[in-house]
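In what follows, a structure is listed as structure tokens, so that the remarks can point back to it.
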Amino acid sequence: MARPWALLGAVLVLGTPITAGAQTASDVFARQTVAVTDRVHLIYKPAVTDPPFEGNVVVIEQSKGLVVVDAGGSPVSGRNVVAQIRRLSKKPVRWLIYTHYHGDHNLGAGALRAAWPKLRILSTAATRANMTGPAMDYVKTYAKSYGDMAAYAATQARDEHLPQSLRDGWARTAAAGPGMVAGYADMSVYPADQTFTDHVSLPDRTAPVEVMFLGRGNTDGDAVVWAPKQRVLASGDLVVAPIPYAAHTYPGEWIATLKRLEAIDFAYLVPGHGPVETDRAYVDKVIAALERVRAQVGPLARADVPLDEVRKRIDLKPLRHDFTGDDPWLGFLFGAVFAGDLVSNAYKEARGEAVIQGKG
């Protein structure tokens, strides 16, 4: 997710006191680790549906070093990732692979480079182009954006007209605000040292790694990382659970890319956010959702119905229920990070208009 709170609408309420129980940066960017297989570990942020929305980190242990997939979304998150890696192994990190350019997956890279100066950063060429262009300009104002968001969250948490689950979600967001503002200060972007367009192999006797571009989907440069001996596939944000992210996506191509992903013989799928999947059911669910939105939006877009009118005419209630179970907080996130952008991108797609990374 490139700019999480830009996706949640304009949060312009300033100067509102943050709720009690404010958390520090160490609190909100804390990480935990779980084994996926004997040579693959997942480093993750608990409470995946509460901000900050931090991407998963995967560690693959090769014979002479480690391959790390993504790096956390802030300097403090990166330091926490380093600490978790050092608990796992004394081997050096030799490769850091970016699945895509969104900052919640790479703005912690400075900590890894400081810890292991010889590591090489690898990404698709498109991801590097985005990380060296205007798509990353939001980093300069990231801390302020989160400060504004936290102030807005505090007002929402006190709104007695909202369902309690939604108020609770906003209260957690407000409490995390100070820690997020501190954690998102003075960030730097670390583009890849080496790029590829289709495929790169990182050979190893015990845990070979294949890095592949299967097609556009969540971004124009999504990479997936495949450990064939362990049968572990890291998808980046092509797959996010429990609610997908859809900013600047390519709905039709995303479907095709997910079908190629499903053809890989994985036993474990590590999404960009969320817990490990052990079958293809959730990926099928995402594909079905993309198909249903495109089927509703496409004919209206091609008939020159304005986008605002399209949003009124289509029915996304069944999809909202499928992904949220009618939980108000999850329902809010469904609209904010998935449905709203997906409709816009499907509209552009149907009209032959370009989706530009980092742009609204």
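The values are calculated or read from the model by the stated rules, or taken from the named source; none is laboratory data. If you're wondering where the values come from, they're calculated on a predicted model, not measured in any experiment. Because the Cβ atoms are built from the backbone with ideal geometry, glycine has one as well, and the counts that use them run over all protein chains shown. Areas reflect the complete protein model, heavy atoms only, side chains present, ligands, DNA and RNA absent. Shrake-Rupley method; radii C 1.70, N 1.55, O 1.52, S 1.80 Å.
(1) over 17 Å from the mean Cα position of the chain (by Cα); (2) closer than 22 Å to residue 232 by Cα: which one isn't true of residue 70, the others all being true?
For residue 70, the failing item is (1).
Name the residue, out of 133, 169, that is of a type in the set (Gly, Ala, Ser) and open to solvent by less than 10 Å² (accessible area, probe 1.4 Å).
Values: 133 fails: open to solvent by less than 10 Å² (accessible area, probe 1.4 Å).
That would be 169, the only listed residue that is of a type in the set (Gly, Ala, Ser) and open to solvent by less than 10 Å² (accessible area, probe 1.4 Å).
Among the residues of the stretch 242-251, are any more than 22 Å from residue 135 (Cα to Cα) and not in a helix (DSSP H, G or I)? Explain how you work it out, then say what you get.
Restricting attention to the stretch 242-251, the residues satisfying the condition of being more than 22 Å from residue 135 (Cα to Cα) are 242-243.
If we keep only those that are not in a helix (DSSP H, G or I) too, we end up with 242-243.
Yes, that holds for at least one residue.
Considering every residue within the stretch 77-85, establish whether at least one is farther than 21 Å from residue 126 by Cα, assigned to a strand (DSSP E or B) and hydrophobic (A, V, I, L, M, F, W, C).
First pass over the stretch 77-85, keeping only residues farther than 21 Å from residue 126 by Cα: 77-85.
Those left that are additionally assigned to a strand (DSSP E or B): none.
No, there is no match, as no residue in the stretch 77-85 is farther than 21 Å from residue 126 by Cα, assigned to a strand (DSSP E or B) and hydrophobic (A, V, I, L, M, F, W, C).
Matching residues to (1) out of contact with any helix residue (DSSP H, G or I) (no Cβ under 6 Å at 6 or more places or on another chain); (2) over 23 Å from residue 136 (Cβ atoms); (3) surrounded by fewer than 20 Cβ atoms within 10 Å (Cβ to Cβ):
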| position | (1), (2), (3) |
| --- | --- |
| 301 | no, yes, no |
| 308 | yes, yes, yes |
| 313 | yes, yes, yes |
| 318 | yes, yes, yes |
| 328 | no, yes, yes |
| 333 | yes, yes, no |
| 345 | no, no, no |
| 352 | yes, yes, yes |
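Specify which of the listed residues (287, 356, 264) is at pLDDT 95 or above, closer than 16 Å to residue 216 by Cα and of a type outside the set (Gly, Ala, Ser).
Values: 356 fails: at pLDDT 95 or above; 264 fails: closer than 16 Å to residue 216 by Cα.
The unique qualifying residue is 287.
Take the stretch 181-226 and flag every residue that is hydrophobic (A, V, I, L, M, F, W, C) and more than 26 Å from residue 249 (Cα to Cα). Write out each step before concluding.
Step one: list which residues in the stretch 181-226 are hydrophobic (A, V, I, L, M, F, W, C), which gives 181-182, 185, 187, 189, 192, 196, 200, 202, 207, 209, 211-214, 223-226.
Within the stretch 181-226, 181, 182, 185, 202, 207, 209 qualify.
Looking at 139, 200, 232, which one is crowded, with 21+ Cβ neighbours inside 10 Å and on the phi < 0 side of the Ramachandran plot?
Numbers: 139 fails: crowded, with 21+ Cβ neighbours inside 10 Å; 200 fails: crowded, with 21+ Cβ neighbours inside 10 Å.
Being crowded, with 21+ Cβ neighbours inside 10 Å and on the phi < 0 side of the Ramachandran plot holds for just one of 139, 200, 232, which is 232.
Could you tell me whether residue 210 is open to solvent by 10 Å² or more (accessible area, probe 1.4 Å), in a helix (DSSP H, G or I) and charged (D, E, K, R)? Quick ask: steps written out before the conclusion?
Working: open to solvent by 10 Å² or more (accessible area, probe 1.4 Å): yes; in a helix (DSSP H, G or I): no; charged (D, E, K, R): yes.
No, not satisfied.
Go through the stretch 31-69 residue by residue and tally those that are part of a strand (DSSP E or B) and either touching a Pro at 6+ places or on another chain (Cβ under 9 Å) or open to solvent by 10 Å² or more (accessible area, probe 1.4 Å) (or both).
So the first thing to find is which residues in the stretch 31-69 are part of a strand (DSSP E or B), and the list is 32-37, 40-44, 57-61, 66-69.
Adding the requirement that they be either touching a Pro at 6+ places or on another chain (Cβ under 9 Å) or open to solvent by 10 Å² or more (accessible area, probe 1.4 Å) (or both) leaves 32-37, 41-42, 44, 61, 66.
Qualifying residue count for the region: 11.
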